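Presented below is the structure to which this report refers.
The values are calculated or read from the model by the stated rules, or taken from the named source; none is laboratory data. For clarity, every value in this text was computed on a predicted model and none was experimentally measured. No Cβ is skipped: glycine too gets one built from the backbone with ideal geometry, and neighbour counts run over all protein chains shown. What goes into the accessible areas is simple: the full protein's heavy atoms, side chains included, and nothing from ligands, DNA or RNA. Shrake-Rupley method; radii C 1.70, N 1.55, O 1.52, S 1.80 Å.
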Amino acid sequence: MPGDESWHHAVTGDAIEPPASFAEQANVTDPDLREQSAREWPDCWSRAADLLDWSDDYDAVLGGDGPPFRWFDGGELNASYNCVDRHLDERKNQVALTWEGRLGESRSYSYLDLYREVNEFAAALRELGVEEEDVVTLYMPVVPELPIAMLACARIGAPHSVVFAGFSADALAMRMDDADSEYLVTCDGYYRRGAPVHQKNKADNAAIALDDGIEATVVVDRLGVRDGGESSDAADDAPLAADEYDYDDLVTAHRGETVEPVPRDATDQLFLIYTSGTTGEPTGVRHTTGGYLAHAAWTSRAVLDIRPEDTHWCSADIGWITGHSYTVYGPLALGSTTMLYEGTPDHPEKDRVWELIERNAVDVFYTAPTAIRAFMKWGEQHPASHDLSSLRLLGTVGEPINPRAWKWYHEHIGNGECPVVDTWWQTETGGMMVTTLPGVDEMKPGSAGLPLPGIDAKVVDGDGEPVEPGETGYLVVTSPWPGMPLSMVEDDGWFADHAPVFPDLSDYEWAYFTEDGATVDEDGYVTLLGRVDDVINVSGHRFGTMEIESAIADVEGVAEAAVVSGPHDLKGQAVYAYVSAAEDSDEAALRGRVTDAVDAAIGPIAVPDVVVFTPELPKTRSGKVMRRLLEDIANDDDLGDTSALRNPEVVGELESALGERD
Ligand code: WT7
């Protein structure tokens, strides 16, 4: 909780002015933009809507004195038109997507290529029976067909639901069931660090688990097997069933066809994406067409400083919101070149990222602190052996960045010249919320910066009062923003369900609690301190402790389990699972079953880094598991008062169990 000593790890460094050479050319240079936006709120957001083409103009920037809040009320637009068609006049031959594959392949699509393929696949989806508002699930790694399918869905008004390729069959089934999605686009398989992943097998297993069946499955031939490629695995070569379609065959069958982009209301759903919260199951966050796209486009322009002639590389997987907003929708809405990379940063060599930046002359690079910490560990000789002078701006997102990593990034990747933007936002916010404007604001390593112009965010104490500089509190957003999700737009009970115990926000007309702890300095710069709920941030990805716990609790031989976060040098946080075994279990075998269960329920990324067996979990006299204590033990922190425990003797046992591991 805020106020703990352990929260003060993020001491910020000295302020750094944006270099004049950058500021002179930046997309946004007006130092008064924040004040002006506060005066003109919500109308200031028309500048974001102005970046888009509307088939029907909106009547009001913000309709309804809400909720429901309707951003760009009355306006109609199509996201696929905005990301593709409207760029054809000026840049049909410019590269829209450039893809670097895991096996060293590369492929580029001009805006005209993208236009053709999005139309052809949209025509194919229609033929398969996909109608407006039908949810299409997309389950594949970062291949060009993924953004193409997203844009094809957007074209016909069918919300997409991208499920991260590394998620398990169960996780896929849960998401398809929840969204009532009866259409799936997946691939045969792909390679991860040289080893094949049988994606289609996972999709088949998910299909068996679904409440309702799948109407049609489209399979992208990633491994090239059916075209005579090299996979030696028969599973990837399996013939397609009657309701399964080969992606290339479909596109070929619809060659040259065009599909009119369907006009969508600004508040119509563009997509949904699942994220973890404090409940045992991930929740679908539904984003709008107008508000979301305007927010993604404006922040891409103002914060990432993207211009049409730029090549932008956001290294996040498209399966996460970061990839949606800053690989696909933002950069393509601006008509720039967006780079997709399917592989991992250290394969085949640890200079892979720098080689790609050099070869593609990347202008803007956006990555996560976990990656930066890995780059640091691998050593500065890797970036030093490449010409990175094409870079103009660097960004980071996903978790707090420690000042040392920030400075290393600034110096060794940015040559001390590229501004670094530390962008705070969430799946729920759709786009960036708190960060510096790179051509205007000074940077403070370790601190995200100020709320963006038009964003009303503050750090408050338990009573909802703004904290004094230097004090810790909770980050809340007290006015609506364009990228807000549909559940908040409609207020379908979302706020009642999410009303925080702390802080007390009842004095605000409207407020969103971000579940992040933060502190603020005398200049108003916000430094994030991590989640205050039961959500673990592993390498910038969110997992609810409850989700992992319920997977473990189902394992035969497990009596009880608690999952908390512990320290991790590279990943930010590690998953620690405390497990009490039923009487006669063999610990070694049980450990394997615990790991397998999490792998099967969620996927390899959520598998506990540490599994600690204990005869009992520490509990209060009322029988509540003391998670705070488990977290302190994992972090080797001072345990404070344990007198409320019913079974204090387990504390010593747990400490020595963890001590033995080091
Ligand atoms: C949580 C949201 C949308 C970005 C990708 C993660 C943490 C995100 C920062 C940052 C400190 C950050 C927060 C937030 N977070 N960016 N710049 N500094 N913390 O999206 O999975 O929805 O997770 O990531 O804790 O609540 P997400």
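Averaging the Cα positions of each part gives two centres, and for the range 586-629 and the range 334-376 these lie 35 Å apart. Take every Cα pair under 8 Å whose residues are at least 6 apart in sequence, average their separation, divide by the length of the range 304-391, and the relative contact order is 33 percent.
Membrane-span-like helices in the chain, defined here as complete DSSP H runs extending at least 24 Å along the helix axis by their C-alpha atoms with mean Kyte-Doolittle hydropathy no lower than -0.5, are 111-128; this is a sequence and geometry rule, not a statement about a membrane. A compact globular protein would have a Cα radius of gyration near 2.2 N^0.38 Å; the ratio found for the range 535-661 is 1.00.
Note on Glu17 and Glu90: with the Förster distance fixed at 30 Å, the Cβ-Cβ geometry gives a FRET efficiency of about 0.30.
Here the relative contact order of the chain, from alpha carbon pairs under 8 Å that lie six or more residues apart, stands at 14 percent.
Restriction of the GluC sites (Glu not before Pro) in the range 477-539 to DSSP coil positions whose beta-carbon has at most 10 other beta-carbons within 10 angstrom yields Glu509, Glu522. On full extension, the segment bounded by Glu442 and Glu349 gains 30.0 nm, given 0.36 nm per residue less the C-alpha separation. For Trp354, the shell of other residues with beta-carbons less than 11 Å away shows a net charge of -3, using +1 for Lys and Arg and -1 for Asp and Glu.
Classified by the C-alpha gyration tensor, the chain has a rounded form. Its axis ratio a/c, with a ≥ b ≥ c, is below 1.5. Only DSSP H runs of four or more residues enter the estimate; each adds -39500 (n - 2.57), and after division by the residues of the chain the mean residue ellipticity at 222 nm equals -7500 deg cm²/dmol.
Summed over the residues of the chain and divided among them, the accessible surface reaches 38 Å² per residue at a probe radius of 1.4 Å. For the range 609-662, the alpha-carbon coordinates run over 32, 22, 18 Å along the three principal axes, in decreasing order. Residues of the range 112-139 falling in the label zone of Asp180, defined by backbone nitrogen less than 19 Å from a point 7 Å along Cα to beta-carbon, are 129-138.
Take the Cα of Asp507, step 7 Å toward its Cβ, do the same at Ala241, and the gap between the two points is 5.9 nm. Over the Cα atoms of the range 457-531, the radius of gyration divided by the Kirkwood radius equals 0.98; this is the Rg/Rh ratio. Using a probe of 1.4 Å, the accessible surface attributed to Thr283 totals some 70 Å² when neighbouring protein chains are kept in position.
On the beta carbon distance between Asn647 and Ala496, with R0 = 35 Å, the FRET formula returns roughly 0.45. So what's the net charge close to His386: Lys and Arg +1, Asp and Glu -1, counting the other residues with Cβ under 14 Å from its Cβ? Local charge sum for His386: -3. Among residues other than Val420 whose Cβ falls under 11 Å from its Cβ, what is the net charge (Lys/Arg +1, Asp/Glu -1)? So the environment of Val420 carries a net charge of -1. Counting only residues at least eight positions apart within a chain, or on another chain, the lysines with an alpha carbon under 30 Å from that of Lys444 are Lys350, Lys377, Lys407, Lys458, Lys571. Distance between the 7 Å Cα→Cβ label points at Ile605 and Asp463: 4.1 nm. Once all protein chains are placed together, Lys458 keeps about 60 Å² accessible to a 1.4 angstrom probe.
Stretching the chain fully between Glu257 and Ala589 yields a gain of 113.9 nm (0.36 nm per residue, less the alpha carbon separation). Each Cα pair under 8 Å and six or more residues apart adds its separation to the average, and for the range 457-531 the resulting relative contact order is 38 percent. Residues whose amide H comes within less than 5 Å of that of Tyr274, counting only those at least five positions distant or on another chain, are Val285 (H built at 1.01 Å from N in the peptide plane). A simple spin-label model places pseudo-atoms 7 Å from Cα toward Cβ; at Asp57 and Ser108 they are separated by 3.9 nm.
Are there any GluC sites (Glu not before Pro) in the range 119-196 that are in a DSSP loop and have at most 12 other Cβ atoms within 10 Å? List them by number. Those satisfying the criteria are Glu131, Glu132, Glu133. Pairs of C-alpha atoms in the range 253-363 farther apart than 22 Å represent 48 percent of all such pairs.
Ser168 contributes about 10 Å² of solvent-accessible surface, heavy atoms of the protein only, 1.4 Å probe. Subtracting the Cα-Cα distance of Ala361 and Glu127 from their residue separation scaled by 0.36 nm leaves 80.3 nm.
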